[in-house]
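Single-structure report; data block below.
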Amino acid sequence: APDAYAAAMSEQLRRLVATVRRERPPERIALRDPATGAMTFVSSCEVVWVSAAGNGQVILHGRDEDRPWSRGIESAHVELAPLGFVRVQRTILVHPNHIQRVQRLGKGEFRLTMTGGAEIDTGRAFTSVIEDVLAAMPGAR
């Protein structure tokens, strides 16, 4: 009976871990150095915005430094959306927590000032995304 109990508890624990992994995305991003194969881990909350760099890479723009990541912008969006990143241009993702200022430019375009001072002009195709981000921010209505 003790072995059956241990097996049942082990199975319950395995299911719980699987559920937590599905519902809670990882908080760190693994970056592999192609030259050495070494992996560096970056906390997702340190990434302010992401830009396409071409050749299947994006640049993770952080508070203190920029780092290349071997992902296209589409793949990066899929992986980072569960962490809160939104697309504001065809080639740019931002994390709403790092938006310091929003200025309407007219015709559905906005200028976002990000943590660190970067200014990003959004595309008209992404007006609804910005409006949704603003609607979710207390006091922004």
| message | Leaving out ligands, DNA and RNA, and with a 1.4 Å probe, what % of the accessible surface on region 86-141 is carbon or sulfur? | response | 46
| Residues of the chain: accessible area per residue at 1.4 Å, in Å²? | 65
| message | Just to confirm the number: angle between the C-alpha axis of helix 127-136 and the first principal axis of the chain, 0 to 90 degrees, nearest 10? | response | 60
| message | Could you sort the peptides 132-139, 48-55, 34-41 by per-residue average Cβ neighbour count (10 Å cutoff), highest mean leading? | response | 48-55, 132-139, 34-41
| Sum of -39500 (n - 2.57) over DSSP H runs of 4+, divided by residues of the chain (222 nm, nearest 500) | -9000 deg cm²/dmol
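Is the shape of region 86-141 rounded, prolate or oblate, going by the alpha carbon gyration tensor and its root eigenvalues a ≥ b ≥ c, with a/c under 1.5 for rounded and a/b larger than b/c for prolate?
Rounded shape, in that the Cα axes give a/c under 1.5.
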| query | Under 16 Å from a point 7 Å along the Cα-to-Cβ line of Asp132: which residues of region 70-109 have their amide N that close? | reply | 77-90, 92-97
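If I take every Cα pair under 8 Å that is 6 or more residues apart in the chain, average their sequence separation and divide by the length, what percent do I get for the relative contact order? Provide the component values of the computation, followed by the final result.
On the way: 193 pairs, mean separation 18.8, N = 141.
Contact order relative to length: 13 percent.
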| said: If I stretch the segment between Arg28 and Ala118 completely, what's the gain in nm (0.36 nm per residue apart, minus their alpha carbon distance), one decimal? | reply: 30.1 nm
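The values are calculated or read from the model by the stated rules, or taken from the named source; none is laboratory data. Just so you know, these numbers come straight off a predicted model, no measurement behind them. Virtual Cβ from ideal backbone geometry, glycine too; neighbours counted across all protein chains shown. Just so you know, the surface numbers come from the protein's heavy atoms only, side chains and all, with ligands and any DNA or RNA stripped out. Shrake-Rupley method; radii C 1.70, N 1.55, O 1.52, S 1.80 Å.
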